[in-house]
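Asker: Quick one: the structure is below, questions incoming.
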Amino acid sequence: MNGAQSLVRTLVGCGVDVCFMNPGTSEMHFVATLDAVPEMRGVLTLFEGVATGAADGYGRMAGRPAATLLHLGPGLGNGLANLHNARRARTPIVNVVGDHATYHKKFDAPLESDIEAIARSVSPGFVRWGTASGTLGADTVEAYRAAMGPPGQVATLVVPADVSWGPGGVAAAPPFLAGRAPVDVARVTMVGDALRSGEPAALLLGSAALDATGIERANRVAAATGARLFSETFPARVRRGVGIPAVERIAYLGEMATAQLEGLRHLVLVDSKPPVSFFAYPGRPSWLAPEGCEVHVLSGPSDDTPATLEALVAELGAGPAPGGAAEPGRPGLPTGELTAGAVAEAIGALMPEHAIVSDESNTSGLFAAQATAGCPPHDWLYLTGGAIGQGLPLALGAAAACPDRPVLALQADGSSLYTLQSWWTMAREGLDVTTVLFNNHSYAILHMELARVGTEGVGERARHMLDLSPPDIDYAGLARSFGLSAWRSKSAEEFGAHLAEALATPGPSLVEAVLPGHPRGA
């Protein structure tokens with residue numbers, strides 16, 4: 001057994017049986033091992049950012065890592081943005097990066113780079129070099145253990161080519177995984193006292209508290225104490241829909257978030273961070289909690305958040321909440337002009353049961369959450385780290401993790417161009433992903449930011465840097481060239497009919513929504 005075989009066999013033994021990859025020469029022995037270890041599913045991507053984003057989507061839905069296989073430092077660099085998003089989502093990923101053979105590095109070949117410096121920004125808790133074929137299996141086990149946490153993280157394992165092809169590899173047994181920290185009774189009591197004080201309070205929920213059970217327990221706490229429920233602006237995954245209490249998201253815009261939190265005396269963090277502004281703006285605060293508001297930490301990333309919420313329910317004697325759960329209800333199919341609101345209504349009218357939504361629709365998708373609140377229960381995945389180009393790869397990975405569930409990718413036009421190679425992999429793998437592309441021919445969110453940062457004398461040349469015309473991009477044509485079924489909609493009626501057809505069509509598809517102001521929308 002060579003080193004690569006021990007690496008792949010160890011991954012499979014740990015339950016890591018999918019690898020999203022864009023390999024090169026240094027990784028060829030890993031690739032060759034796929035024939036010897038058929039339990040490992042290799043998924044080829046045409047760009048490393050697709051591989052890393054897909055591993056993020058897979059890990060969020062499966063609750064266990066996928067592997068990535070990247071080619072040296074430049075390949076890792078190409079995948080960095082979506083590894084950043086995965087780090088912010090605390091997604092478990094075993095990130096395998098090939099390196100030059102140990103004896104070759106001294107020659108400073110063209111692809112030689114400081115892999116550790118690149119990796120540390122997204123994998124601060126674990127970067128390890130495989131130094132010998134005989135110990136690579138053990139190194140793989142440690143990477144898997146680190147990826148699983150708690151909390152989950154990107155664990156980077158660098159594998160020199162000669163360690164990969166060298167003999168003497170030994171597959172290692174799966175490790176014992178550390179459990180989450182037990183309930184901190186003192187913290188539960190402290191938070192209980194704050195919530196019983198009668199002063200205005202709120203719970204701010206992070207991803208570990210945003211499954212159906214966590215939301216139900218938090219809702220019981222809110223009903224018993226009068227506290228409000230908020231979620232982080234961009235959590236990794238949220239359970240939504242009929243029968244699940246609605247949780248208000250903290251707004252993206254700092255002034256709107258400040259208004260939401262105004263008057264609070266206690267803010268309880270439940271696997272979340274204190275709310276801060278995404279960017280600095282002249283004359284506006286970065287810290288968004290009101291002055292005089294005491295911030296309490298109920299649970300953190302390594303804590304057992306579900307058990308802690310259960311303990312808080314017991315501490316408060318909180319019985320079942322009498323209301324708050326979303327009621328069944330869908331909007332009707334829209335007619336007339338195709339606006340972002342009309343697209344949202346059609347999505348709400350047609351969303352299939354058990355859907356997974358990957359949301360990178362930015363400004364155009366603001367109406368979608370409201371329009372789908374009364375749909376059957378579904379999962380919503382957000383852009384956790386703000387690095388664009390996440391939506392399509394995330395949908396790809398979620399579909400690979402949950403092949404029995406339909407996936408809906410809500411995608412802005414500009415950000416789709418970062419990773420539209422995802423469509424090719426979706427088609428190659430036959431994944432059930434329907435992309436709704438909001439085409440407003442613009443980086444609309446940057447037009448908003450340009451007005452907010454205090455710039456002076458903004459003219460045509462500046463605005464031209466934020467517009468995506470000319471030339472006009474034929475997204476439906478691009479999607480067809482990648483192997484998707486695709487439609488282009490210019491009216492609300494067309495969009496509803498096209499979306500219904502796309503959802504009924506096996507395999508991946510695209511519905512491009514041409515919004516007002518688009519030069520070809522007439």
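The values are calculated or read from the model by the stated rules, or taken from the named source; none is laboratory data. Given the structure is predicted, the values throughout are model-derived calculations rather than measurements. Because the Cβ atoms are built from the backbone with ideal geometry, glycine has one as well, and the counts that use them run over all protein chains shown.
Asker: Determine, yes or no, whether Ala444 is among the small types (Gly, Ala, Ser), surrounded by fewer than 20 Cβ atoms within 10 Å (Cβ to Cβ) and at pLDDT below 95. Outline the logic, then answer.
Answerer: Details: among the small types (Gly, Ala, Ser): yes; surrounded by fewer than 20 Cβ atoms within 10 Å (Cβ to Cβ): no; at pLDDT below 95: yes.
Against the criterion (among the small types (Gly, Ala, Ser), surrounded by fewer than 20 Cβ atoms within 10 Å (Cβ to Cβ) and at pLDDT below 95), Ala444 does not qualify.
Asker: When the residues of the stretch 291-315 are filtered to those that are among the charged types (D, E, K, R) and within 19 Å of Ser197 (Cα to Cα), which remaining residue is modelled with the lowest pLDDT?
Answerer: To start, the set of residues in the stretch 291-315 that are among the charged types (D, E, K, R) comprises 291, 294, 303-304, 310, 315.
With the extra rule that they be within 19 Å of Ser197 (Cα to Cα), the set shrinks to 291, 294, 315.
Values: Glu291: 94, Glu294: 97, Glu315: 97.
Top of the filtered list is Glu291.
Asker: Follow-up question, since we're still on this one. How many of the residues in the stretch 59-86 are in a strand (DSSP E or B) and surrounded by fewer than 24 Cβ atoms within 10 Å (Cβ to Cβ)?
Answerer: Number of matching residues: 1.
Asker: Here is a follow-up. Is it true that Ala89 is assigned by TED's automatic domain parsing to the domain that holds Pro23, of a type outside the set (Phe, Trp, Tyr), out of contact with any Phe, Trp or Tyr (no Cβ under 6 Å at 6 or more places or on another chain) and surrounded by 24 or more Cβ atoms within 10 Å (Cβ to Cβ)? Walk me through it before giving the result.
Answerer: Values: assigned by TED's automatic domain parsing to the domain that holds Pro23: yes; of a type outside the set (Phe, Trp, Tyr): yes; out of contact with any Phe, Trp or Tyr (no Cβ under 6 Å at 6 or more places or on another chain): yes; surrounded by 24 or more Cβ atoms within 10 Å (Cβ to Cβ): yes.
It is true that Ala89 is assigned by TED's automatic domain parsing to the domain that holds Pro23, of a type outside the set (Phe, Trp, Tyr), out of contact with any Phe, Trp or Tyr (no Cβ under 6 Å at 6 or more places or on another chain) and surrounded by 24 or more Cβ atoms within 10 Å (Cβ to Cβ).
Asker: Filter the stretch 150-190 for residues that are closer than 30 Å to Arg228 by Cβ and in contact with a helix residue (DSSP H, G or I) (Cβ under 6 Å, 6 or more places away or on another chain) and give the result. If you could, list the steps in order and put the result at the bottom.
Answerer: Residues of the stretch 150-190 that are closer than 30 Å to Arg228 by Cβ, as a first pass: 150-152, 180-190.
Val183, Val188 - these are the residues of the stretch 150-190 that are closer than 30 Å to Arg228 by Cβ and in contact with a helix residue (DSSP H, G or I) (Cβ under 6 Å, 6 or more places away or on another chain).
Asker: Then there's this: If you scan the stretch 374-402, which residues turn out to be in contact with a helix residue (DSSP H, G or I) (Cβ under 8 Å, 6 or more places away or on another chain) and either part of a loop (DSSP other than H, G, I, E, B) or not assigned by TED's automatic domain parsing to the domain that holds Ser416 (or both)? Walk me through how you get there before you give the answer.
Answerer: Quick first cut of the stretch 374-402, residues in contact with a helix residue (DSSP H, G or I) (Cβ under 8 Å, 6 or more places away or on another chain) only: 374-375, 377, 379-381, 383-402.
Correct list: Gly374, Cys375, Pro377, Leu383, Thr384, Gly385, Gly386, Ala387, Ile388, Gly389, Gln390, Cys402.
Asker: Restricting attention to the stretch 274-284, does a residue exist that is buried (at least 19 other Cβ atoms within 10 Å of the Cβ), over 20 Å from the mean Cα position of the chain (by Cα) and at negative phi?
Answerer: In the first step, residues of the stretch 274-284 are kept if they are buried (at least 19 other Cβ atoms within 10 Å of the Cβ); the result is 275.
From what's left, over 20 Å from the mean Cα position of the chain (by Cα): none.
No: zero hits.
Asker: Would the stretch 482-504 turn up any residue that is at pLDDT below 95, under 26 Å from the mean Cα position of the chain (by Cα) and not in a helix (DSSP H, G or I)? Break it down into steps so the answer makes sense when it comes.
Answerer: To start, the set of residues in the stretch 482-504 that are at pLDDT below 95 comprises none.
For the stretch 482-504, residues at pLDDT below 95, under 26 Å from the mean Cα position of the chain (by Cα) and not in a helix (DSSP H, G or I): absent.
Asker: Oh, and also: Applying the selection to the stretch 234-245, what residues are surrounded by 18 or more Cβ atoms within 10 Å (Cβ to Cβ) and assigned to a loop (DSSP other than H, G, I, E, B)?
Answerer: The answer is Phe234, Pro235, Ala236, Arg237, Gly241, Ile244.
Asker: Filter the stretch 14-41 for residues that are farther than 17 Å from Leu70 by Cβ, under 26 Å from the mean Cα position of the chain (by Cα) and crowded, with 16+ Cβ neighbours inside 10 Å and give the result.
Answerer: The answer is Cys14, Asp17.
Asker: For the stretch 318-337, name all the residues that are at pLDDT 95 or above and surrounded by fewer than 17 Cβ atoms within 10 Å (Cβ to Cβ).
Answerer: Gly332, Thr335, Gly336, Glu337
Asker: Right, another one. Which residue pairs have Cβ atoms under 6 Å apart, sit 6 or more places apart or on different chains, and have a first residue in the stretch 167-181 that is outside the structural domain of Met148 (by TED's automatic domain parsing) and a second that is surrounded by fewer than 11 Cβ atoms within 10 Å (Cβ to Cβ) and among the basic types (Lys, Arg)?
Answerer: Every condition considered, no pair remains.
Asker: Oh, and also: Would you be able to say whether some residue in the stretch 288-296 is outside any loop (DSSP other than H, G, I, E, B), touching a residue at least 60 places away in the same chain (Cβ under 8 Å) and surrounded by 15 or more Cβ atoms within 10 Å (Cβ to Cβ)? Steps first, answer last, please.
Answerer: Step one: filter the stretch 288-296 for residues outside any loop (DSSP other than H, G, I, E, B), giving 294-296.
Cutting the leftovers down to touching a residue at least 60 places away in the same chain (Cβ under 8 Å) gives us 294, 296.
Then keep just the ones that are surrounded by 15 or more Cβ atoms within 10 Å (Cβ to Cβ); that gives 296.
The answer is yes, given that some residue of the stretch 288-296 is outside any loop (DSSP other than H, G, I, E, B), touching a residue at least 60 places away in the same chain (Cβ under 8 Å) and surrounded by 15 or more Cβ atoms within 10 Å (Cβ to Cβ).
Asker: Among the residues of the stretch 186-194, are any under 26 Å from His84 (Cβ atoms) and surrounded by 15 or more Cβ atoms within 10 Å (Cβ to Cβ)? Before you say what the answer is, go through the steps one by one.
Answerer: From the stretch 186-194, those under 26 Å from His84 (Cβ atoms) are none; that's our starting set.
No, every residue in the stretch 186-194 fails to be under 26 Å from His84 (Cβ atoms) and surrounded by 15 or more Cβ atoms within 10 Å (Cβ to Cβ).
Asker: Taking strands (runs of 3 or more DSSP E) that do not extend beyond the stretch 126-205, which have at least 2 residues that are touching a strand residue (DSSP E or B) at 6+ places or on another chain (Cβ under 7 Å) and closer than 19 Å to Leu69 by Cβ? Spell out how you get there, then give the answer.
Answerer: Working: elements: 127-129, 154-160, 201-205.
In the stretch 126-205, 127-129, 154-160 are the strands (runs of 3 or more DSSP E) which contain 2 or more residues that are touching a strand residue (DSSP E or B) at 6+ places or on another chain (Cβ under 7 Å) and closer than 19 Å to Leu69 by Cβ.
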